[in-house]
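To start, the structure itself, in structure tokens.
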Amino acid sequence: MKRGLFVLALGACVPALGSTDAVVSRPRILAVRADPAEAKPGARVTLTALVASPRGMVTAPAIAWTFCTAPKPLTEDNVVSSACLDGSSSIPAGDGAAIIATTPPAGCSLFGPIAPPGGARPRDPDVTGGYYQPLRADLAGSDATFALLRIICDLANAPAASAAAFAAAYRPNQNPKLLPVVATVDGAGVALSSIPAGARVKLTASWPAASVETYAHYDAASDTVTSKRESMSLSWYATAGMLDTEATGRAEDDPATLSNNTWTAAPTAGTAFLWIVLRDSRGGVDYASYELTVVGR
């Protein structure tokens, strides 16, 4: 599952991926970045929200942050437990567009491989071997938004030798880096400040090769520590015009370090805003915001 951003409306049963709506028609949180991208429960992390609106990026949004402490029951299909909407299952983390917060110390028992209180079944890791602490971000006037912060947990039910080998080989995830977008029309470069009206603009997002990390992975079936390579995904958003697709990316076995999308400009002059969010498969995030100026032909 892509570790992205999720929107949960009050009273809803199943949250929807935030990236499924590429048109920004109201203020909303598009991404949450944690620095560091992966840390042990109880560590201090810096949390920064990317908030977009039809008028561009919101620089000083009013956001209330809380950590959810309710494990998701196996009977629920939600990304997070419905109890995460209950104040009794939340720990206040701070207020503002960017905060420094201490993650709940019990994360590996509530959301990881350690059996939680009451004898409930521990969580299973995702395909990268990771576990995630739910974080709620409430933007004034918008639905509740959840991000999943990757946490470091020890291997459970693994032989001591395998656990030691994994601990020695594993390196916590680092956030990827998104390079400046490149725009072309009919194969020729075009400035974002002078896009012809109605043009189909090829947008190329890229990242350094070092942003795609190789990481240690424990295979319980064979009791071996192997290595895997991150996949990369991009979410695209705009306030006007039309994007060909809402999401692109590269699989873990694809060495390419770029991804393309096409944006069709409006037929008349005006201004639009574009956001690109880059995520690696272990929960790392980077993003960029652009102003697009459409001019008459």
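Coordinate-derived values only; no laboratory data. What you are looking at is a predicted structure, and each value in this text was computed from that prediction instead of being measured. Here Cβ is always computed from backbone atoms with ideal geometry, including for glycine, and neighbour counts include all displayed protein chains.
Database remark: amide H of residue 266 closer than 5 angstrom to the amide H of 198, 241 (H placed geometrically; neighbours at sequence offset of 5 or more, or on other chains; Pro and chain starts carry no H). For the peptides 144-151, 168-175, 66-73, the ranking by packing is 144-151, 66-73, 168-175, with the highest mean count of neighbouring Cβ atoms within 10 Å listed first.
For residue 159, what charge total do you get from the other residues with a beta carbon under 14 Å from its beta carbon, if Lys and Arg give +1 and Asp and Glu give -1? All intermediate terms of the calculation are to be shown ahead of the outcome.
Numbers: positive: none; negative: 154, 219, 223.
Its environment carries a net charge of -3.
What the phi angles of segment 175-189 give under the Karplus curve with 6.51, -1.76 and 1.60, with θ = phi - 60°, is a coupling list of 5, x, 10, 8, 7, x, 5, 10, 10, 9, 10, 6, x, 10, x Hz, glycine and proline written as x.
Residues whose amide H falls under 5 Å from that of residue 132, counting only those 5 or more places apart or on a different chain, are 151, with hydrogens built in the peptide plane. Considering segment 5-158, its Cα convex hull presents a mean projected area of 9.3 nm². Distance between the modelled labels on residue 127 and residue 257, one decimal in nanometres: 2.3 nm (7 Å Cα→Cβ projection). Scalar couplings 3J(HN,Hα) for segment 195-212, obtained by applying the Karplus form with A = 6.51, B = -1.76, C = 1.60 to θ = phi - 60°, are 8, x, 4, x, 5, 9, 9, 7, 10, 10, 9, 9, 8, x, 4, 5, 6, 8 Hz; x denotes Gly and Pro.
Give the average over all directions of the projected area of the C-alpha convex hull of the chain, one decimal, in nm².
Working: hull surface 64.4 nm².
Averaged projected area of the chain's Cα convex hull equals 16.1 nm².
Taking amide H as placed 1.01 Å from N in the peptide plane, residue 217 has its amide H under 5 Å from the amide H of 226, 227, 228, each at least 5 places away in sequence or on another chain.
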